[in-house]
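Trainee: Pasting a structure here, questions to come.
The values are calculated or read from the model by the stated rules, or taken from the named source; none is laboratory data. Since this is a predicted model, take the numbers as computed values, not measurements. For neighbour counting, all protein chains shown are included, and Cβ atoms are generated from backbone atoms with ideal geometry for every residue, glycine included.
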Amino acid sequence: MTTSGPAPVPYSLLDLAPVCEGSTPAQAFANSLDLARLAESLGYTRYWLAEHHNMPGIASAATAVLIGHIAGGTSTIRVGSGGVMLPNHAPLQVAEQFGTLASLHPGRIDLGLGRAPGTDQPTTRALRRYYAGADAFPSDVAELLRYFEPAQPGQPVQAVPGAGVDVPVWILGSSLFGAQLAAAMGLPYAFASHFSPAAMTEALALYHRDFKPSRRLRAPYAMLALNVVAADTRAQAQRLFTTQQQSFVRLRRGAPGLIPPPIDDIEAFWTPQEKAMVEQALACAVVGDAADVREGIAEFAARHRPDELMLTANIFDHAARRHSFALAAEAFRAR
């Protein structure tokens with residue numbers, strides 16, 4: 001293992017506004033704002049929130065509303081969606097929401113777009129009763145981008161606010177589809193390597209190979225997500241990581257719930273098949289003490305050469321979560 005510091009890439013934070021056992025969404029929102037303020041003080045570039053529905057342990061369903069709360073409580077960090085699941089929404093409504101956010105917080109709002117519904121099929125139908133699948137995603141993205149262009153005379157529909165407002169738009173993905181679309185449209189690309197890393201290398205290569213410069217972006221810009229759980233000792237970090245491991249197993253068992261506390265013996269919790277599934281899904285993870293995290297982040301950045309890293313951590317105790325992201329930031333600043 002190398003002992004050098006991480007590559008000098010920008011580092012950002014992905015938050016799911018976790019609702020832990022014994023807590024409430026209101027406390028989750030307070031924790032998110034507290035964490036965003038910490039991230040801002042530690043040099044994180046962005047603070048993104050993800051849209052999920054019908055999941056008791058994730059409180060960021062009304063993503064644009066929560067982005068406004070976080071942006072209003074901070075002053076310099078970029079705040080955005082990682083992402084808004086566009087099939088759940090009319091493009092005009094998303095343009096209006098993010099045009100509003102960007103008008104309130106100029107130069108600080110990002111709009112990351114995903115193609116998945118971010119939930120189960122019954123909830124998908126409840127969200128958008130005429131939903132017919134994600135096949136319209138490319139045309140929906142194109143429509144959304146048009147709403148951010150300056151309004152033209154006689155234009156029958158415009159986003160107010162939104163028209164002429166500068167809102168950076170990202171394509172999110174965990175497969176080759178998103179990479180192809182981001183490359184074709186000349187948009188920045190964020191890969192969900194924190195939970196679905198299988199196609200990461202191929203998707204990055206495709207994105208860089210096929211990228212077409214656009215008015216929005218002249219050269220490809222790719223961000224990778226990485227699970228980072230840091231603590232004062234390796235054993236403490238590994239124990240904290242059992243919260244995320246349990247959550248993945250519960251989701252695959254069809255029983256998602258509130259975020260569970262860490263446990264001492266994860267081997268007694270899961271079956272060998274579940275263990276293999278979780279280890280594959282969470283393969284992009286750095287778990288350990290400060291030295292482990294410094295080395296692990298450096299190796300990941302050197303191997304995959306992202307333009308930016310998006311760190312995430314599903315940690316039960318808020319103080320431990322703050323400490324983990326602080327240790328991660330130290331790894332970057334030590335470079």
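Trainee: For the range 100-110, what are the residues that are in a helix (DSSP H, G or I) and crowded, with 24+ Cβ neighbours inside 10 Å?
Mentor: To start, the set of residues in the range 100-110 that are in a helix (DSSP H, G or I) comprises 100-104.
Listed by number, the list holds a single entry, LEU101.
Trainee: So which of ALA291, ALA237, ALA283 ends up being part of a helix (DSSP H, G or I), surrounded by fewer than 22 Cβ atoms within 10 Å (Cβ to Cβ) and at pLDDT 95 or above?
Mentor: Details: ALA237 fails: surrounded by fewer than 22 Cβ atoms within 10 Å (Cβ to Cβ); ALA283 fails: part of a helix (DSSP H, G or I).
Being part of a helix (DSSP H, G or I), surrounded by fewer than 22 Cβ atoms within 10 Å (Cβ to Cβ) and at pLDDT 95 or above holds for just one of ALA291, ALA237, ALA283, which is ALA291.
Trainee: Within the range 219-244, how many residues are out of contact with any His (no Cβ under 8 Å at 6 or more places or on another chain), more than 30 Å from ALA319 (Cβ to Cβ) and touching a residue at least 12 places away in the same chain (Cβ under 8 Å)?
Mentor: Matching residues across the range 219-244 total 1.
Trainee: Mind counting the residues in the range 201-234 that are in a helix (DSSP H, G or I), among the hydrophobic types (A, V, I, L, M, F, W, C) and buried (at least 21 other Cβ atoms within 10 Å of the Cβ)?
Mentor: Step one: of the range 201-234, the residues in a helix (DSSP H, G or I) are 201-210, 234.
Among the residues that remain, those that are also among the hydrophobic types (A, V, I, L, M, F, W, C) are: 203-206.
Retained after the next criterion (residues that are buried (at least 21 other Cβ atoms within 10 Å of the Cβ)): 203.
Number satisfying all stated conditions: 1.
Trainee: Run down ASP210, ASP232, ASP265 and say which single residue is closer than 27 Å to PRO306 by Cβ and either among the charged types (D, E, K, R) or at pLDDT below 95 (or both). Show your work before the answer.
Mentor: Values: ASP232 fails: closer than 27 Å to PRO306 by Cβ; ASP265 fails: closer than 27 Å to PRO306 by Cβ.
Going through ASP210, ASP232, ASP265 in turn, the sole match is ASP210.
Trainee: Continuing with this model, one more query. Tell me the residue from ALA291, ALA285 that is in contact (Cβ under 8 Å) with a residue 40 or more places away in the chain and among the small types (Gly, Ala, Ser), please. Reasoning before the result, please.
Mentor: Values: ALA291 fails: in contact (Cβ under 8 Å) with a residue 40 or more places away in the chain.
Within the list ALA291, ALA285, the selection yields ALA285.
Trainee: I want to confirm something. Restricting to the range 57-74 and keeping residues that are among the β-branched types (Val, Ile, Thr) and either more than 16 Å from the chain's Cα centre (by Cα) or surrounded by fewer than 19 Cβ atoms within 10 Å (Cβ to Cβ) (or both), which single residue is farthest from GLY114 (Cα to Cα)?
Mentor: Of the residues in the range 57-74, the ones among the β-branched types (Val, Ile, Thr) are 58, 63, 65, 67, 70, 74.
Checking the rest, the ones that are also either more than 16 Å from the chain's Cα centre (by Cα) or surrounded by fewer than 19 Cβ atoms within 10 Å (Cβ to Cβ) (or both) come to 65, 74.
Values: VAL65: 18, THR74: 25 Å.
The qualifying residue farthest from GLY114 (Cα to Cα) is THR74.
Trainee: Output the qualifying pairs, or none if there are none: Cβ atoms under 7 angstrom, residues six or more apart or on different chains, first residue in the range 75-92 and surrounded by fewer than 24 Cβ atoms within 10 Å (Cβ to Cβ), second residue of a type in the set (S, T, N, Q) and not in a strand (DSSP E or B).
Mentor: What qualifies is ARG78/THR45.
Trainee: Still on this model: Only one of (1) in contact (Cβ under 8 Å) with a residue 40 or more places away in the chain; (2) of a type outside the set (Val, Ile, Thr); (3) in contact with a strand residue (DSSP E or B) (Cβ under 7 Å, 6 or more places away or on another chain) is not met by PHE191, so which one is it?
Mentor: Only one criterion is unmet by PHE191, namely (1).
Trainee: If I go through the range 27-48 residue by residue, how many of them are more than 17 Å from ILE315 (Cα to Cα) and more than 16 Å from the chain's Cα centre (by Cα)? Quick ask: steps written out before the conclusion?
Mentor: Step one: list which residues in the range 27-48 are more than 17 Å from ILE315 (Cα to Cα), which gives 37, 40-46.
From what's left, more than 16 Å from the chain's Cα centre (by Cα): 37, 40-43.
Result for the range 27-48: 5.
Trainee: Counting only residues that are outside any helix (DSSP H, G or I) and either surrounded by fewer than 22 Cβ atoms within 10 Å (Cβ to Cβ) or in contact with a Phe, Trp or Tyr (Cβ under 6 Å, 6 or more places away or on another chain) (or both), how many does the range 294-307 have? Give the steps one after another, and end with the answer.
Mentor: To start, the set of residues in the range 294-307 that are outside any helix (DSSP H, G or I) comprises 305-307.
Filter once more, so that each one left must be either surrounded by fewer than 22 Cβ atoms within 10 Å (Cβ to Cβ) or in contact with a Phe, Trp or Tyr (Cβ under 6 Å, 6 or more places away or on another chain) (or both): 305, 307.
Number of matching residues: 2.
Trainee: When you scan the range 188-200, how many residues do you find that are over 14 Å from the mean Cα position of the chain (by Cα) and not in a loop (DSSP other than H, G, I, E, B)?
Mentor: Of the residues in the range 188-200, 1 are over 14 Å from the mean Cα position of the chain (by Cα) and not in a loop (DSSP other than H, G, I, E, B).
Trainee: Please determine whether any residue of the range 104-118 is at positive phi and either charged (D, E, K, R) or at pLDDT below 95 (or both). Give the derivation first.
Mentor: If we filter the range 104-118 for residues that are at positive phi, which is where we start, we get 107, 118.
Checking the rest, the ones that are also either charged (D, E, K, R) or at pLDDT below 95 (or both) come to 118.
Checking the range 104-118: at least one residue is at positive phi and either charged (D, E, K, R) or at pLDDT below 95 (or both).
Trainee: For the range 42-85, give me each residue that is among the polar types (S, T, N, Q) and part of a loop (DSSP other than H, G, I, E, B).
Mentor: Within the range 42-85, THR45, ASN54, SER60, THR74, SER75, THR76 qualify.
Trainee: Give the range 308-333 a look and list any residue that's part of a loop (DSSP other than H, G, I, E, B) and hydrophobic (A, V, I, L, M, F, W, C), or say none.
Mentor: Passing the criteria: ALA313, ILE315, PHE316.
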